[in-house]
Each structure stands twice: as structure tokens, then as C-alpha cells.
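The structure appears right after this line, and notes come after that.
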Amino acid sequence: MSILPRLLGLGLLTLLMGLLLGACETSRRSTNEQTMPEYNTKVTVPNKQIAQTSGEQIDFKVSQSELATAFIREFGDGTVIDRVLVHKAPAEPNEPTVYYLVGMGLRNGMFRAMALPLLGGGDNTVFLSPSASRYIITGVGCSSCFFNFEGDRIVGTLCEGNPGGGRCDLRREPGNTLFPK
């Protein structure tokens, strides 16, 4: 008599496991569900139009105060930005013109600046891509620092008012979140 309850229990256990495994199979997502936005892990942020250029004239499409606030948020360390500009990089002959969005200010009395390369569009518009690198300067003993260009690329820094021993530290960081989605 002791074998029958064991066989019955084993049979019920097998049946229960079969039902549970079958239930798991039906909970699989369909192909359409995986392409819905809530399942998409890659967030895409479109390029943001910053300005329109006409020769040396720059017409901002985003207010400079909004850009300064975005730079302050991007630094995220207490840096206060008080000047924003679009800088035209020195162009090589027969090369397209490259522009940089630059925010300048101070943190604890030290000069800080950040430059982000802009993409040129048709009709002289310039856009900021979320994948654009950040070039960040921190001045130590310099009243102000400048980005040093080689063609249209930032390759170093220059220290203004160097009383001896002053320097401008440059680092490059990938991507930016100036205009989060």
C-alpha cells in the first residue's frame, strides 16, 4: 500500500511541472512587443539646432541663458557659466568650416570652459549631437584659458596671464547630455 501513494504523488508532481512549464512558454513576448518603446533600451535623442550662421554673424536659436543653464548642469560640479558663444575653428583651405559651442565661467575662482563640436546642416544651421565629445578646461593659476586648435580640431590649451607655474588642464569626455530627452 505504501507504493501507490508514492506513485500517485510522483504522477501529480509530473503533471504539475508540465503545466508550469507550459505556462512559462505562453508568457514569451511576441516580436511586436520587443520593438515597443518601453522595451527599447537604446534611447535616441535628436540633434538640437543651436544657431544659424551667416559669415561672421551667429543667430542663436536657443537662448544663451538656456545654454548657460545647460552647461552648468553638464558640469555638475558647481561651475557657474557666465559666457556662451559659438566659436568658428580656424579652417584649412578647401575644408568645411567647423563650429564649437563654448561655455565659459568659474568654479572656486578657477577658470573653467567646455567646448562641444557642432554639426553643420544645410542652410548654414549648426546642430549639437548628443554623441558630441566634451572638451573641458580647468585653469590652475591662469586668469583665463583658450582652446588651441590644429585645423578644426582641439589639440591643447593656452594659458593667459601665466604668472609662472600656471596651467590649463584639458580633458576630453565622450558624449554629452546638454539637452536630455
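Numbers at a glance
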{"item": "Within region 150-181, tally of residues that are part of a strand (DSSP E or B) and crowded, with 18+ Cβ neighbours inside 10 Å", "result": "5"}
{"item": "All positions within region 133-145 that are surrounded by 16 or more Cβ atoms within 10 Å (Cβ to Cβ) and at pLDDT 90 or above", "result": "Arg134, Tyr135, Ile136, Ile137, Thr138, Gly139, Cys145"}
{"item": "Any hit, region 47-67, residues being closer than 19 Å to Leu170 by Cα, modelled with pLDDT of 90 or more, out of contact with any His (no Cβ under 7 Å at 6 or more places or on another chain) and outside any loop (DSSP other than H, G, I, E, B)", "result": "no"}
{"item": "First in region 121-133 and within 11 Å of Phe179 (Cα to Cα), second anywhere and of a type in the set (Lys, Arg) and in a strand (DSSP E or B), Cβ under 8 Å, 6 or more apart", "result": "Leu128/Lys48"}
{"item": "Test: residue in region 36-45 that is surrounded by 10 or more Cβ atoms within 10 Å (Cβ to Cβ) and modelled with pLDDT of 50 or more", "result": "yes"}
{"item": "Cβ-Cβ under 9 Å pairs, at least 6 apart or on other chains, region 71-83 side among the polar types (S, T, N, Q), far side in a helix (DSSP H, G or I) and surrounded by 13 or more Cβ atoms within 10 Å (Cβ to Cβ)", "result": "Thr79/Phe71; Thr79/Ile72"}
{"item": "Residue that is modelled with the lowest pLDDT [pool: residues in region 146-181 that are closer than 18 Å to Val84 by Cα and under 11 Å from the mean Cα position of the chain (by Cα)]", "result": "Phe179"}
{"item": "Residues located in region 84-106, provided they are of a type in the set (Gly, Ala, Ser), in contact (Cβ under 8 Å) with a residue 40 or more places away in the chain and open to solvent by less than 30 Å² (accessible area, probe 1.4 Å)", "result": "Ala89"}
{"item": "Residue list for region 47-106, restricted to those being among the basic types (Lys, Arg) and farther than 20 Å from Thr125 by Cα", "result": "Arg73, Arg83"}
{"item": "Selection count, region 51-73, where residues are touching a Lys or Arg at 6+ places or on another chain (Cβ under 7 Å) and buried (at least 20 other Cβ atoms within 10 Å of the Cβ)", "result": "1"}
{"item": "Residue, least open to solvent (accessible area, probe 1.4 Å), within region 107-132, restricted to residues that are more than 25 Å from Pro93 (Cβ to Cβ) and among the polar types (S, T, N, Q)", "result": "Ser129"}
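The values are calculated or read from the model by the stated rules, or taken from the named source; none is laboratory data. Model, not experiment: these values are computed from the prediction. Note: ideal-geometry Cβ built from the backbone for every residue, glycine included; neighbour counts use all protein chains shown. The area values use the complete protein model at the heavy-atom level, side chains included, leaving out ligands, DNA and RNA. Shrake-Rupley method; radii C 1.70, N 1.55, O 1.52, S 1.80 Å.
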